[in-house]
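The values are calculated or read from the model by the stated rules, or taken from the named source; none is laboratory data. Keep in mind the model is a prediction, meaning the values are calculated, not measured. Ideal geometry is used to build each Cβ from the backbone, glycine not excepted, and the neighbour counts take in all protein chains shown. In case anyone asks, the SASA skips ligands and DNA or RNA and just uses the protein heavy atoms, side chains included. Shrake-Rupley method; radii C 1.70, N 1.55, O 1.52, S 1.80 Å.
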Amino acid sequence: MEIAVRDAGDHDLAELVRLYRLLEQEMDAIHPLWSRADGLPAPLEDSLSGAVRSTAWIALLASIDRVDLGFLIAEITALLDGEEIGAMRLVFVEEEARGVGVGEALRDEALSQMRARGLTLFDAYVLPGHRLAKNFFEQGGFAARSIVMHHADG
């Protein structure tokens, strides 16, 4: 079994859309507001194309034996003091490929690319109650630094 991670390109947009839709289904089942608050804006193809083309984003695909099974999208932004921070906004691995190192390979490659750009601060977005994602990032050295509280009338 060979796990490979590569930068996503324009030719990968259909595969990114497919994987994103699977992520969207999983996240909406955990929290129905995810698509509207934490996902990518519509049209999805334009958002993914922007992530693939922009130097402010990192878009990665992971495969096992040349079959794409996961992706990661990270954004590089500035803190209030101007220092840049890398934020892993979306990470997804198809269920049958979990637990074998695909997610770790994506996370580690994203960190490597961000470090190569001189970044030393990193965030990862995780939904409250998504214990597997929280554990995944904690195993990679992450710790919670912020929790967003939400209230909806009705």
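Would you confirm whether or not the stretch 77-93 contains a residue that is small (Gly, Ala, Ser), in contact (Cβ under 8 Å) with a residue 60 or more places away in the chain and farther than 19 Å from Asn135 by Cβ? Explain how you work it out, then say what you get.
Filtering the stretch 77-93 for residues small (Gly, Ala, Ser) gives 78, 82, 86-87.
Going one step further and asking which of them are in contact (Cβ under 8 Å) with a residue 60 or more places away in the chain, we end up with none.
No, the conditions are met nowhere in the stretch 77-93.
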Tell me yes or no: at least one residue of the stretch 20-40 is touching a strand residue (DSSP E or B) at 6+ places or on another chain (Cβ under 8 Å), over 19 Å from Leu106 (Cβ atoms), without any contact (Cβ under 8 Å) to a residue 12 or more places away in the chain and not acidic (Asp, Glu).
no
Would a scan of the stretch 52-60 turn up a residue that is touching a Ser or Thr at 6+ places or on another chain (Cβ under 9 Å), without any contact (Cβ under 8 Å) to a residue 24 or more places away in the chain and not in a strand (DSSP E or B)?
yes
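For Ala143, indicate whether it is of a type outside the set (S, T, N, Q) and more than 16 Å from the chain's Cα centre (by Cα). Break it down stepwise before answering.
Working: of a type outside the set (S, T, N, Q): yes; more than 16 Å from the chain's Cα centre (by Cα): yes.
Here the answer is yes, as Ala143 does meet what is asked.
Suppose we keep only residues that are of a type in the set (D, E, K, R) and under 13 Å from Gln139 (Cβ atoms) within the stretch 103-118. Which one would you say is surrounded by the fewest Cβ atoms within 10 Å (Cβ to Cβ)? Give the steps one after another, and end with the answer.
The initial filter retains those residues of the stretch 103-118 that are of a type in the set (D, E, K, R), namely 104, 107-109, 115, 117.
Filter again for under 13 Å from Gln139 (Cβ atoms), leaving 104, 107-108.
Details: Glu104: 16, Arg107: 25, Asp108: 13.
Checked the stretch 103-118; the qualifying residue surrounded by the fewest Cβ atoms within 10 Å (Cβ to Cβ) is Asp108.
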Pick out the one residue from Asp28, Asp65, Asp38 that is over 24 Å from Ala144 (Cβ atoms) and either of a type in the set (A, V, I, L, M, F, W, C) or open to solvent by 10 Å² or more (accessible area, probe 1.4 Å) (or both).
Asp65
Just to be sure, is Ala14 without any contact (Cβ under 8 Å) to a residue 60 or more places away in the chain, outside any strand (DSSP E or B) and crowded, with 20+ Cβ neighbours inside 10 Å?
no
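Taking the stretch 141-154 as the search range and keeping residues that are at negative phi and modelled with pLDDT of 95 or more, which one is surrounded by the most Cβ atoms within 10 Å (Cβ to Cβ)? Show your work before the answer.
So the first thing to find is which residues in the stretch 141-154 are at negative phi, and the list is 142-153.
Going one step further and asking which of them are modelled with pLDDT of 95 or more, we end up with 142-143.
Numbers: Phe142: 16, Ala143: 6.
Of everything passing the filter in the stretch 141-154, Phe142 is surrounded by the most Cβ atoms within 10 Å (Cβ to Cβ).
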Residue pairs, Cβ under 6 Å, 6 or more apart or interchain, first in the stretch 120-145 and within 23 Å of Pro32 (Cβ to Cβ), second surrounded by fewer than 16 Cβ atoms within 10 Å (Cβ to Cβ) and not aliphatic (A, V, I, L, M). List them.
Leu127/His31
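Scanning for something outside any loop (DSSP other than H, G, I, E, B), basic (Lys, Arg) and more than 25 Å from Tyr20 (Cα to Cα), does the stretch 96-112 turn up at least one residue?
Applying the first criterion (outside any loop (DSSP other than H, G, I, E, B)) to the stretch 96-112 yields 96-97, 102-112.
Among the residues that remain, those that are also basic (Lys, Arg) are: 107.
Subsequent filtering for residues that are more than 25 Å from Tyr20 (Cα to Cα) retains none.
No, the stretch 96-112 contains no residue that is outside any loop (DSSP other than H, G, I, E, B), basic (Lys, Arg) and more than 25 Å from Tyr20 (Cα to Cα).
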Can you tell me which residue among Val67, Val102 is under 23 Å from Asp12 (Cα atoms), out of contact with any Ser or Thr (no Cβ under 8 Å at 6 or more places or on another chain), touching a residue at least 24 places away in the same chain (Cβ under 8 Å) and not small (Gly, Ala, Ser)?
Val102
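Let me confirm something: among Ile64, Ile73, Ile30, which residue is modelled with pLDDT of 95 or more and within 17 Å of Glu95 (Cβ to Cβ)?
Numbers: Ile73 fails: within 17 Å of Glu95 (Cβ to Cβ); Ile30 fails: modelled with pLDDT of 95 or more.
That would be Ile64, the only listed residue that is modelled with pLDDT of 95 or more and within 17 Å of Glu95 (Cβ to Cβ).
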Please verify whether the stretch 77-86 includes one or more residues that are surrounded by 15 or more Cβ atoms within 10 Å (Cβ to Cβ), of a type in the set (D, E, K, R) and assigned to a strand (DSSP E or B).
yes
